[in-house]
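Step one of this worksheet: look at the structure below.
Computed from the coordinates by the stated procedures, all read-outs in this text should not be read as laboratory data. Since the structure is predicted, the reported quantities are computational estimates derived from the model, not experimental observations. Here the Cβ is made from the backbone with ideal geometry for all residues, glycine too, and neighbour counts use every protein chain on show.
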Ligand code: SF4
């Protein structure tokens, strides 16, 4: 924390004194925790996934649907002990798992909280994929299920929307590491260990999505992929007119057809109608 390198931004700031590119200091800030029923069905189950939304983000996509917390830091500060109590509360409510959303820049604090209270349900690491591989390796013993995004293949696209030219290079290596976790299902049909990679198809980006599928096909036996259609114009996109629309059915279908042609069988597809602001949670703090 004196020299923060928790993510590939390597800000090297002392987070007790300064914020890094993730916009956070050494304190944990969250916007909401609850039983979330709209993750993949093998994650949410009947009761819902015990989801905790952390504030700040080390990637800062311009189109983030959670921009109020990722960019504007809307939320409340909690202690490590509070976080451990939240794990217990969600478990007592019957959560299928503990789902840590945007955990990267708090990973050291999360390990501290898990050392205070380790729930008897899977721990899910729900990330944008831009991860420091050394940190991931250190965390791996605490994590049961990985839910990483893979957002862009092209470096010009990732630079345009996040400022990071090396997104694919970094995220693909991180996800290839995650996919080494063997897939394990429980008797209840829920994923207890393993990886689901998420890819959100963006407007005018079907070509990039297909490049991502070419890469994913190299790990297709070791992980699931969820090809998502739910992009909704949101966030700080006034300078990006191409992002100011939902994707078309034709764009989505062409990506799905390509996945089928690559014989990617561990795959989830979304209802095309999923593109709606109703799916964005209401923040508690
Ligand atoms: S976690 Fe935040 S402060 Fe640390 S390297 Fe990443 S962006 Fe910088």
Across 172, 206, 79, the residue with the highest GNM fluctuation in the chain (Cα network, 10 Å cutoff) is 79
Taking Cα atoms only, Rg over Rh for segment 28-279 with Rh from the Kirkwood formula is 0.94
Under the 7 Å Cα-to-Cβ spin-label approximation, residue 254 and residue 5 lie apart by a distance in nanometres of 4.3
Fewest-first ordering of 159, 151 by Cβ atoms within 10 Å yields 159, 151
For segment 195-283 the mean separation of alpha carbon contacts under 8 Å (6+ apart) over residue count, i.e. relative contact order in percent, is 39
Once normalised by the length of the chain, the mean sequence separation of its alpha carbon contacts under 8 Å that are 6 or more apart gives a contact order in percent of 16
Taking 90, 200 and counting other beta carbon atoms within 10 angstrom, the fewest-first order is 200, 90
Distance in Å, no decimals, from the C-alpha centre of segment 105-123 to the one of segment 1-41 is 14
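Treat the count of other C-beta atoms within 10 Å as a stand-in for reagent exposure and order 243, 69 from fewest to most.
Fewest-to-most Cβ neighbours within 10 Å comes out as 243, 69.
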Using alpha carbon centers only, segment 208-272 is separated from segment 143-159 by a whole-angstrom value of 12
